[in-house]
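The values are calculated or read from the model by the stated rules, or taken from the named source; none is laboratory data. Worth saying up front: this structure is predicted, and the values here are computed from it rather than measured. Note that each Cβ is placed from the backbone with ideal geometry, even for glycine, and that neighbours are counted across all protein chains shown.
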């Protein structure tokens with residue numbers, strides 16, 4: 001079965017509209033690319049989506065083709081300010097691509113196409129980066145070791161303090177058990193204390209001769 005004829009009108013469904021835009025944009029750029037190859041033509045395509053997103057294609061320099069267009073039509077597409085802005089955007093795009101390429105090289109990717117000189121420069125840059133990472137790692141290690149020792153010293157001091165408190169508590173407990181603890185006579189009165197002494201036991205004389213001696 002052949003495909004039915006599609007009515008050319010605005011697609012109301014936003015999802016379907018976006019899908020159709022993506023497909024037809026790709027098809028249009030593909031046709032423009034084929035036209036430039038088959039006919040050795042200079043082709044430039046500029047597309048703005050309904051959300052304002054720019055999509056462009058040119059088989060050579062876009063500014064060169066637009067310059068030819070301006071010269072041929074005798075009209076100015078943009079003023080010097082817009083031209084400078086366009087050049088700045090182009091420069092930033094090229095710089096961004098260069099940074100991405102350098103990042104891939106730093107990861108060891110896409111290095112097969114690099115010449116010997118670039119490989120040597122890349123090796124030097126990686127060695128410098130590794131040395132910086134090692135220096136920072138060693139610094140962090142020393143700092144962490146210092147902090148660990150400091151925490152250990154603090155824990156030892158706290159342990160000694162707790163041992164001293166425990167020793168004092170044991171000594172006080174032993175004094176109370178032996179009857180030498182000091183307490184308040186009147187159950188909490190201020191300034192009046194008494195020494196608790198263990199009860200004494202008096203030996204009663206049981207021998208007949210001791211009774212007469214007055215004991």
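If you scan region 34-68, which residues turn out to be in a helix (DSSP H, G or I) and in contact with a strand residue (DSSP E or B) (Cβ under 8 Å, 6 or more places away or on another chain)? Those that are in a helix (DSSP H, G or I) and in contact with a strand residue (DSSP E or B) (Cβ under 8 Å, 6 or more places away or on another chain): 62, 65, 66.
Given the structure, is residue 99 modelled with pLDDT of 85 or more and more than 30 Å from residue 124 (Cα to Cα)? The answer is no for residue 99. Is it true that residue 72 is within 30 Å of residue 10 (Cα to Cα), without any contact (Cβ under 8 Å) to a residue 12 or more places away in the chain and over 44 Å from the mean Cα position of the chain (by Cα)? In short, no.
Is region 27-34 home to any residue that is under 43 Å from the mean Cα position of the chain (by Cα) and over 24 Å from residue 90 (Cα atoms)? Yes, there is a match, as at least one residue in region 27-34 is under 43 Å from the mean Cα position of the chain (by Cα) and over 24 Å from residue 90 (Cα atoms).
In region 111-122, of all residues being exposed (fewer than 10 other Cβ atoms within 10 Å of the Cβ) and more than 18 Å from residue 98 (Cβ to Cβ), the one that is nearest to the chain's Cα centre (by Cα) corresponds to 112.
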